[in-house]
Each structure stands twice: as structure tokens, then as C-alpha cells.
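Here is the structure we will look at.
The values are calculated or read from the model by the stated rules, or taken from the named source; none is laboratory data. All values derive from a computational prediction rather than experimental measurement. Note: ideal-geometry Cβ built from the backbone for every residue, glycine included; neighbour counts use all protein chains shown.
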Amino acid sequence: MIAGRIGRAWRARVGTGLLIFLAITPALGAPPWGWFGIRIRDLSETEMDDLAVKLGVHEGYGVLVSELIKDAPAESSGLRAGDLIVAIDGRPVVETRGLQRIVGSTPPGRDLSVVVLRDGRRRALRVRVGPMPADAAAERMAAEFGFLVRDRVSSDGLTDPGPSLPVVAAVGERTAAERGGLRVGDRVLAVNGAEVASLDAYRRRLIEVSLQEELRLRVQRQGEPRTLVLPPAQPALSVQ
């Protein structure tokens with residue numbers, strides 16, 4: 001489970017604040033991608049055991065809704081923070097990556113049936129898929145390669161008052177980003193040869209990237225520029 005592996009690595013390095021990802025992104029394809037507008041995470045083994053004891057459920061799987069994003073499609077769907085999503089369109093939801101792929105590949109405007117566990121009871125909901133905003137799409141694309149980017153921060157921990165510059169905030173273990181040599185603190189200067197002078201420019205370039213191809217990043221590290229090549233986030237599909 002790649003998503004779970006990345007989550008554990010990031011928790012150890014940068015705290016739980018960066019563990020929760022924006023849902024939802026597809027495996028492949030061009031925008032518009034589908035999304036619910038929720039923050040989600042996998043259950044830990046301890047949480048699974050607690051559910052079995054406290055609620056008498058035995059699924060042993062599911063994805064926890066941590067937060068509903070304001071004005072996103074899920075806000076009016078009946079989903080709540082704390083819901084455990086266990087099925088979508090009749091398919092069991094085992095971990096975050098599977099949920100992301102199902103919703104991401106669904107055309108915006110379509111409703112999906114979602115089954116959640118809430119207060120020990122199953123509830124069936126209908127959630128409309130919306131188009132994913134560019135900033136969320138870029139964040140999820142980076143997560144597929146195994147890294148997160150945030151605004152440049154000043155020495156006192158506050159956002160720098162200057163231009164919003166893309167700086168690597170987390171790198172997952174055993175990911176394409178780590179294998180390509182990316183490090184926390186690297187300032188991204190270019191994506192696949194295109195200069196990115198701001199966070200918005202970085203996002204625009206990143207959503208054009210293919211997960212099946214190498215990602216070339218030019219970064220600044222300790223004042224020195226260097227070029228990194230991240231291997232594909234996903235293997236190319238074979239033609240049968």
C-alpha cells in the first residue's frame with residue numbers, strides 16, 4: 001500500500017499535519033479530475049482494533065474523513081468529519097489510494113453512492129463529484145511522486161511576506177522523490193524545464209506532468225542550483 005507507506009514516513013519526519021492529503025486524484029488522465037473536497041487518512045492498526053472492540057465492526061478497513069473543505073462538493077452531501085468510508089459505488093474501500101482513484105476517475109457532476117460508519121451504524125449517502133481545483137490537483141500530483149511543497153517560510157515560522165515560492169516540505173521514504181534525491185528544504189526553480197517563479201506557476205506546471213514519465217526538477221539547495229530526475233510515479237501500462 002504505497003499511500004500508507006508514505007503516510008508513515010511523513011509522520012515521522014514532519015508531524016501529522018502533513019499526513020492528511022486532499023482527496024481526490026486519479027491515477028492517470030488530464031484535468032478536470034473528480035474530487036469530493038475532503039481530507040482523508042488511513043486507519044492505524046490500533047484504530048482498527050478499537051473499532052472492532054467499541055463498535056463491534058469487523059471490516060478491518062476503511063478511510064477516515066478528517067475534514068470537509070469549505071464550499072467543496074462534499075460539504076452538502078451529508079458526509080461528516082469522523083465518518084469512516086467503507087464502500088463506494090458498491091466497492092469496498094480498503095485504503096486512501098483506492099478511494100482517490102475511484103473518485104478521481106469519475107467525471108465531475110456524477111453522484112457516487114458512499115457507505116460510511118458513523119456512531120457504530122452504517123449510513124448510505126450520495127456524494128456529487130466536482131472538478132478538482134488546480135492547487136489541490138498539484139498537491140496530489142506531487143504526493144504521487146512522494147513529496148509535498150509549501151510556501152517559503154521565514155525564520156520565525158511565519159509565511160514570508162515576499163512572493164510565494166515553492167519549497168519542499170516533506171519527502172516520503174521509498175518514493176520516486178526520495179530515489180531522485182529530493183530533500184526537504186529544496187526550493188523548486190523549474191519543472192520539466194519550465195521556470196517556476198511562484199507557487200502558482202509551480203502548480204500550473206505540475207498538473208501537466210505525466211505520472212508515467214520521469215519528472216525533472218531544478219532546485220536550489222543551500223544556495224546552489226542542481227537538477228534532479230525523479231523516476232515515474234507509476235509504471236507504464238502494457239498494451240495487451
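Structure notes:
- Condition check for Ala134: of a type outside the set (Lys, Arg), touching a helix residue (DSSP H, G or I) at 6+ places or on another chain (Cβ under 7 Å) and at pLDDT 85 or above: no
- Members of the stretch 67-93 found to be surrounded by 17 or more Cβ atoms within 10 Å (Cβ to Cβ) and under 18 Å from the mean Cα position of the chain (by Cα), listed by number: Leu68, Ile69, Ala72, Pro73, Ala74, Leu84, Ile85, Val93
- When the stretch 211-235 is filtered for residues that are in a loop (DSSP other than H, G, I, E, B) and either farther than 13 Å from Ala143 by Cα or free of Cβ contacts under 8 Å to residues at least 24 places away in the same chain (or both), the ones remaining, listed by number, are Gln212, Glu213, Glu214, Gln222, Gly223, Pro231, Pro235.
- The residues on offer are Arg203, Arg216, and the sole one that is among the basic types (Lys, Arg) and surrounded by fewer than 19 Cβ atoms within 10 Å (Cβ to Cβ) is Arg216.
- Pick from the stretch 197-226, criterion of a type in the set (A, V, I, L, M, F, W, C) and modelled with pLDDT of 95 or more, ranking: farthest from Val149 (Cα to Cα): Leu215
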